[in-house]
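Input: a single structure, listed below in structure tokens.
Rule-based calculations on the coordinates, nothing more; no lab input. Keep in mind that what you see is a predicted model, and the values were worked out from it rather than measured. With ideal geometry, Cβ positions are generated from the backbone for all residues, glycine too; neighbour counts draw on all protein chains shown.
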Amino acid sequence: MDVEGLLQSVIRFSNFMTSRLIVAGVVFYVASGFTDIGSSTEGFLPDMELINNVVENYQNIFDVLGVSDFALLLILFVFLTTIHLIYVAFERVGSYIPPAIVPLAGWTAIDDVTLSAFDILRAARGEEHTEEENQRLYEFKKKLKEIEQEIDARYSSELAGEETAFRISKTFIVFSLGVWIYAMLAGTYTGDKNILLIILTLSILTALYTAFAIFRNNRSRITNLRDDVIYQFTGFARIWAADEYQKQIADACTPSRDLKPATFAVLVPVYGTLDALIADWRRWRRMKQLKRLREER
């Protein structure tokens, strides 16, 4: 039995449920502040006594039918499904609340190193290179791609959690701010309005912290990727090229630019980023204008 794998699965499930319980718990707390418990005619949530009576009636029905275990499973399923739907909704909405953070692609981060270095490796053999050597260069490039994928996979789980927290915190900012404004204007909120400000403040702090963590981990990812690729190039050059070309490889493997590990962007549903949408729209307008000019001539 893989005990370590089992423990990791338990930890992942715990994190999975804890994050959803926090999101759903805050949402239910805020929503329940708009209703006077005991009245099912106001607010977002129904009367708690009514809910208890419905659950008790269903339980009695299932007891009579002899399927009380099924009733408990059904209630648990509805509870978990509701929590998960709230969590997913907050994450999806947060994806399109600006700003979004778009990490720099790994291969883009090393193209200033790989392009010139590969040219030097090809030039090192002159006209004497064979198909076998071309295949070896191809395999070497393939190995570099695998290194990029391995490093991305190494950071993916941590970045995925931080990116999810960033998206949800953005939704909480909009949600809590909107609820606080509504509570101040409508005057029907029965809860403590200071709690809404606390939720808003914590959401802003969480968004700032997770954004910083995303940039920090992406910078670490890019740095590790560049270091590994440079190490592979210099090692390969020792067995592939003469001393003069080895020095050229070492010079070429010095990064020529300081890259941003990630950038802020505005995402557009289905299409992608807003910048890409605007660029394509401008390109389409230019093509349309050129077509009109040709027709007029």
Put a dot 7 Å past each Cα toward the Cβ at ALA123 and MET287; how far apart are the dots in nm? 3.8
Interchain or long-range residues, amide H under 5 Å from ALA262's placed H: LEU104
Which lysines, on any chain, are close to LYS141 with Cα under 25 Å apart, when same-chain ones fewer than 8 places away are left out? LYS247, LYS260
Segments 241-247, 266-272 sorted - mean Cβ within 10 Å per residue, highest first: 241-247, 266-272
Whole-Hz Karplus couplings 3J(HN,Hα) for the range 272-281, θ = phi - 60° and coefficients 6.51, -1.76, 1.60, Gly and Pro as x, run x, 8, 5, 4, 5, 5, 5, 4, 5, 5
For the range 104-262, alpha-carbon Rg and Dmax in angstrom: 24.7, 84
Find out how many positive minus negative residues lie around ARG216, taking Lys and Arg as positive, Asp and Glu as negative, among other residues whose Cβ is under 12 Å from that of ARG216. 0
Please list, ordered by chain and number, the residues whose modelled amide H lies under 5 Å from the amide H of VAL268; skip anything fewer than 5 residues away on the same chain. THR273, LEU274
TYR209 versus LYS193: modelled label distance in nm, points set 7 Å from Cα along the beta carbon direction: 2.8
Would you mind putting 132-143, 97-108 in packing order, based on average other-beta-carbon counts within 10 Å, highest first? 97-108, 132-143
